[in-house]
Every structure is written in C-alpha cells, then in structure tokens.
Amino acid sequence: MNFLEIAENRQSCRAYDEGRAVEPEKLNAVLEAARLAPSACNGQPYHFTICRGEKAKAVAAAVSGMGMNKFAAQAPVLIVVSEKPYVKSAALGAKVKGNDYRSIDIGIAAAYLTAESAAQGLSSCILGWLDDGKIRDICGLDQPVRLVIPLGYAKEGDPQRPKKRKELSELVTEL
Ligand SMILES: Cc1cc2nc3c(=O)[nH]c(=O)nc-3n(C[C@H](O)[C@H](O)[C@H](O)COP(=O)(O)O)c2cc1C
C-alpha cells in the first residue's frame with residue numbers, strides 16, 4: 001500500500017477480535033513508526049506504555065467513563081501515550097510563540113503509529129476520552145496521559161466505512 005492507500009484504509013476500529021493476539025514483530029513495527037515521527041526541536045515529548053492482560057482491562061475501564069469506548073476492553077493491546085517534559089529549545093519556542101508543541105508532537109506520533117498499524121493489517125483507534133488520574137495510577141506514570149490507542153485485529157465482518165471528510169475546497173485556500 002502507498003501512503004494514500006494506507007490513509008484510506010486506516011479507520012477507527014470499534015470492534016476487535018478478542019481471540020487474536022498482536023504479533024510482537026507487528027507491534028515493534030508500529031512503535032518504530034512512532035519513534036520515527038518528527039517533533040518540535042526533535043524533543044520527542046512522549047512515552048508509550050504497552051498494556052496487555054489485566055493492565056489492559058484496567059486501562060480499558062479508565063477510557064470507558066459515561067458509557068464511552070466500551071470496545072477498548074476487546075483489544076489485546078492498549079498503548080498509553082503520555083506526555084514528557086519539553087526539551088529546553090521547544091519549551092522556549094512554545095513560550096515565545098504561544099504554541100502547544102507537545103500536543104502537536106503527540107498527535108503526529110499517534111498518526112504515524114496508527115498509519116503503520118493499518119499497513120501491518122492491524123486495527124486501532126485513537127482515544128482522547130480518558131481518565132488521566134486512573135491511568136497514571138495503573139501504569140505508574142507521573143506525567144499526563146494524552147491518548148490511549150487500542151490495537152488488535154478487527155472482528156470478522158467489521159465493515160470498512162466510507163470516509164466522511166470536508167471537501168478540499170473547504171479545507172484549502174490558495175492565495
Ligand atoms: C485526538 C483524537 C481523539 C479521539 N477520541 C476518540 C474517542 O475517545 N473515542 C472514539 O471512539 N474515537 C475517538 N477518536 C476517533 C475519531 O472519532 C475518528 O478519527 C474520526 O471520527 C474519523 O474517523 P476515522 O478515524 O474512522 O477515519 C479520536 C480521534 C482523535 C484524533
């Protein structure tokens with residue numbers, strides 16, 4: 001698949017095959033893609049905590065408040081993405097320019113990670129609805145949890161949905 005095909009193919013999966021584990025080499029490829037992502041001043045202000053088994057179930061419960069994201073409990077792997085402090089140059093840039101580079105960096109890493117997941121035939125979903133305090137306790141983290149990404153194989157028959165996106169004419173202005 002070329003990148004546009006991967007982008008078409010990747011979708012937020014909300015039904016996982018609970019009986020199918022993620023192969024270690026595929027998980028490695030997915031994490032390697034995130035490692036290669038660009039970041040402000042190359043600061044890489046993120047950390048990935050891999051949860052399986054009971055830890056995954058506990059994290060799944062912590063993304064399921066108010067009836068949301070119940071499907072997370074089906075995924076064999078949950079990747080917790082937490083924030084790390086800025087490197088000095090990025091901190092300075094963020095202050096001077098009033099821009100939150102860490103969230104941008106985490107978003108890019110998540111995009112790389114989920115794109116490579118699709119390239120590996122895996123399914124994923126970026127989750128921002130989460131209980132930071134609970135997940136920090138479960139994972140022993142002392143920095144904010146920004147995203148949780150369930151990873152696994154889609155349940156058989158889970159349909160590929162057509163993409164709903166704004167038209168380029170709405171997204172792009174040419175001057
Ligand atoms: C930062 C972020 C947070 C998200 N949080 C959730 C979430 O908590 N639960 C969920 O089901 N989907 C979540 N999504 C997935 C979006 O709903 C999804 O990407 C969007 O509707 C486009 O659909 P697609 O990913 O299938 O192309 C999130 C996506 C992003 C980028």
Checklist entry - How many Å³ per residue does the convex hull of the Cα positions in the chain occupy? => result 151 Å³
Checklist entry - What ³J(HN,Hα) values, in whole Hz, does the Karplus curve 6.51 cos²θ - 1.76 cosθ + 1.60 give for the stretch 165-175 when θ = phi - 60°, with x put for Gly and Pro? => result 9, 4, 6, 4, 4, 8, 8, 10, 10, 9, 9
Checklist entry - Please identify the trypsin sites (Lys or Arg not before Pro) of the stretch 34-93 that satisfy two criteria: DSSP loop assignment and at most 15 other Cβ atoms within 10 Å. Which are they? => result ARG52
Item to check | Potential extension, GLN143-LEU36 segment - 0.36 nm per residue separation minus Cα distance | outcome: 36.3 nm
Checklist entry - Under unit Cβ charges (Lys, Arg +1; Asp, Glu -1), what dipole magnitude, rounded to 20 debye, does the chain have relative to its Cα centre? => result 360 debye
Next on the checklist: Can you show me the helix-derived [θ] at 222 nm for the chain, built from DSSP H runs with n ≥ 4 at -39,500 (n - 2.57) apiece and divided by the number of residues, rounded to the nearest 500.
Outcome noted: -11500 deg cm²/dmol
Item to check | Those chymotrypsin sites (Phe, Trp or Tyr not before Pro) in the stretch 1-96 that DSSP places in a loop and that have at most 10 other beta carbons within 10 Å | outcome: none
Item to check | Global size of the stretch 56-115 as Cα Rg and Dmax, reported in angstrom | outcome: 15.4, 44
Checklist entry - With point charges of +1 on the Cβ of Lys and Arg and -1 on the Cβ of Asp and Glu, referenced to the Cα centre of the chain, which listed residue (LEU92, ALA33, LEU127) lies farthest in the positive direction of the dipole? => result LEU92
Checklist entry - Mind ordering 166-175, 90-99 by average Cβ neighbours within 10 Å, highest first? => result 90-99, 166-175
Item to check | the chain: DSSP helices with Cα axial extent of at least 30 Å and average Kyte-Doolittle hydropathy no lower than -1.0 | outcome: none
Checklist entry - For labels at LYS95 and LYS163 in the simple 7 Å Cα→Cβ model, what's the distance in nm? => result 4.0 nm
Item to check | Low-density loop positions, GluC sites (Glu not before Pro), the stretch 1-96 - DSSP coil, at most 13 other Cβ in 10 Å | outcome: GLU18
Next on the checklist: How much accessible area per residue does the chain have, counting only protein heavy atoms and a probe of 1.4 Å, in square angstrom?
Outcome noted: 59 Å²
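The values are calculated or read from the model by the stated rules, or taken from the named source; none is laboratory data. Not measured: the values here are computed from a predicted model. Cβ sites come from the backbone with ideal geometry, for glycine too, and all protein chains shown count toward neighbours. In case anyone asks, the SASA skips ligands and DNA or RNA and just uses the protein heavy atoms, side chains included. Shrake-Rupley method; radii C 1.70, N 1.55, O 1.52, S 1.80 Å.
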